[in-house]
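Notes follow once the structure below has been shown.
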């Protein structure tokens with residue numbers, strides 16, 4: 001097994017980008033430790049505050065955001081950052097080459113039940129001569145990401161990472177603190193019998209998604225002619241990691257539950273990095289209307305619907321939307 005740096009250098013990753021990735025991972029290792037301590041560290045439960053999304057913040061949300069924010073801004077490698085937990089972008093080094101968007105603790109509602117959570121990040125180049133305080137520097141389609149990944153805090157701490165040349169899986173070796181390459185290139189099977197969706201929202205879905213899921217649930221007695229299993233972790237990192245490991249379809253579609261918020265997942269720091277990871281592993285990532293990586297963002301907390309995973313199953317789902 002190899003450590004993280006030599007693998008990326010072999011792919012032509014610049015030393016500055018490599019240093020930025022290692023900076024993110026340094027914060028993630030600290031988050032992993034705090035998550036692993038659980039109730040012993042006094043960080044479980046909620047705060048009395050809400051973030052810009054209108055969601056009650058968990059203590060670990062705040063802690064994880066502060067760790068990533070501090071280490072990135074102090075590193076000098078970022079011109080600006082955007083976070084799920086920050087109302088606005090935060091300016092960094094005006095001379096830096098990169099900008100970073102992140103969800104510091106995806107699935108944080110799982111912390112109190114000792115279930116899967118993770119950190120998602122997206123790295124893009126900052127436009128030349130741009131103002132680090134101008135959030136418009138983040139208004140780039142996802143295909144312009146130079147790197148993307150997530151760190152999953154589970155029984156082991158796992159990193160999925162792409163720099164645009166395949167998706168690799170690393171495992172944190174806690175004996176010496178290094179992420180070791182444990183899967184050279186993830187490859188998502190084109191066909192699957194698994195899907196992940198929050199079925200409690202079924203009555204709020206659009207007809208196309210209702211019809212698609214109904215046909216999956218009909219199994220071998222329905223038009224699909226085979227039985228499907230449903231999985232749902234309530235953390236995008238966990239569900240996407242399963243897709244990378246053994247295939248499947250993950251979707252969080254539009255719904256009518258709240259007319260002001262028809263979508264759940266955020267484009268810049270959830271949908272885009274996950275879409276790049278999935279496509280680099282041979283899968284597909286779509287909204288039902290467009291390829292996720294082709295969307296031009298309009299604001300930093302923009303939300304979109306997400307359908308991603310095994311290529312043939314995503315295409316089967318999209319056929320219902322046509």
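Derivation of every value follows stated rules applied to the coordinates shown; laboratory data play no part. Nothing here was measured: the structure is a model prediction, and the numbers come from that model. All Cβ positions, glycine included, derive from the backbone under ideal geometry; neighbour counts span all protein chains shown.
Restricting to bridges with both residues inside the range 194-321, how much of the DSSP beta-bridge set is antiparallel, in percent to the nearest 5?
So the antiparallel bridges amount to about 75 percent of the total.
With angles folded into 0 to 90 degrees, how steeply does helix 59-75 sit against the dominant principal axis of the chain? Use alpha carbons for both and round to 10.
50 degrees
With only alpha-carbon atoms in the gyration tensor, what are the semi-axes of the equivalent ellipsoid for the range 221-263, in Å, largest first?
The equivalent ellipsoid of the range 221-263 has semi-axes of 24, 18, 8 Å.
For the Cα atoms of the chain, what angle does the longest principal axis make with the long axis of helix 236-246, in degrees from 0 to 90, nearest 10?
Approximately 70 degrees, to the nearest 10.
Using all C-alpha to C-alpha distances in the range 4-183, build P(r) with 5 Å bins and read off the rounded percent in each one.
All Cα pairs, binned at 5 Å, distribute as 1, 8, 18, 20, 20, 16, 11, 5, 1, 0 percent.
Calculate how steeply helix 15-37 sits against the longest principal axis of the alpha-carbon atoms of the chain, using the helix alpha-carbon long axis, and give the answer as 0 to 90 degrees to the nearest 10.
Taking Cα atoms only, the helix is inclined about 70 degrees.
Based on the alpha-carbon gyration tensor of the chain and its eigenvalue square roots a ≥ b ≥ c, which shape applies: rounded if a/c is under 1.5, prolate if not and a/b is larger than b/c, or oblate?
On the way: a/c = 1.45, a/b = 1.40, b/c = 1.03.
In terms of gyration-tensor shape, rounded.
If you look at just the Cα atoms of the range 102-248, how large are its Rg and its Dmax in Å?
Taking only Cα atoms of the range 102-248, I get Rg and Dmax of 18.6, 60 Å.
Return 252, 269 ranked ascending by Cβ neighbour count within 10 Å, so the fewest neighbours appear first.
Placing the least packed residue first, the sequence is 252, 269.
Is the range 194-321 rounded, prolate or oblate when judged by the Cα gyration tensor, a ≥ b ≥ c being the square roots of its eigenvalues, rounded requiring a/c under 1.5 and prolate requiring a/b larger than b/c? Spell out each step's value before the answer.
Numbers: a/c = 1.72, a/b = 1.26, b/c = 1.37.
Because a/c hits 1.5 or more and a/b fails to exceed b/c, the range 194-321 counts as oblate.
So what is the 222 nm mean residue ellipticity for the chain from helices alone, if each DSSP H run of at least 4 adds -39500 (n - 2.57) and you divide by all residues, rounding to the nearest 500 deg cm²/dmol? Could the numbers behind the result be given before it?
Details: 7 runs with 89 residues, N = 322.
Taken over the chain, the calculation gives -8500 deg cm²/dmol.
In terms of the Cα gyration tensor, with a ≥ b ≥ c the square roots of its eigenvalues, is the range 65-146 rounded because a/c is under 1.5, prolate because a/b exceeds b/c, or oblate?
It is prolate, given that a/c is not under 1.5 and a/b is the larger ratio.
Would you mind ranking 34, 266, 136 by Cβ crowding within 10 Å, fewest neighbours first?
On the way: 34 19, 266 22, 136 13.
Going from sparsest to densest Cβ surroundings: 136, 34, 266.
Using the 10 angstrom Cβ neighbour count as an exposure proxy, how do 129, 215, 294, 106 rank, fewest first? Walk me through the numbers on the way to the answer.
Working: 129 6, 215 16, 294 12, 106 28.
Ascending Cβ contact count within 10 Å gives the list 129, 294, 215, 106.
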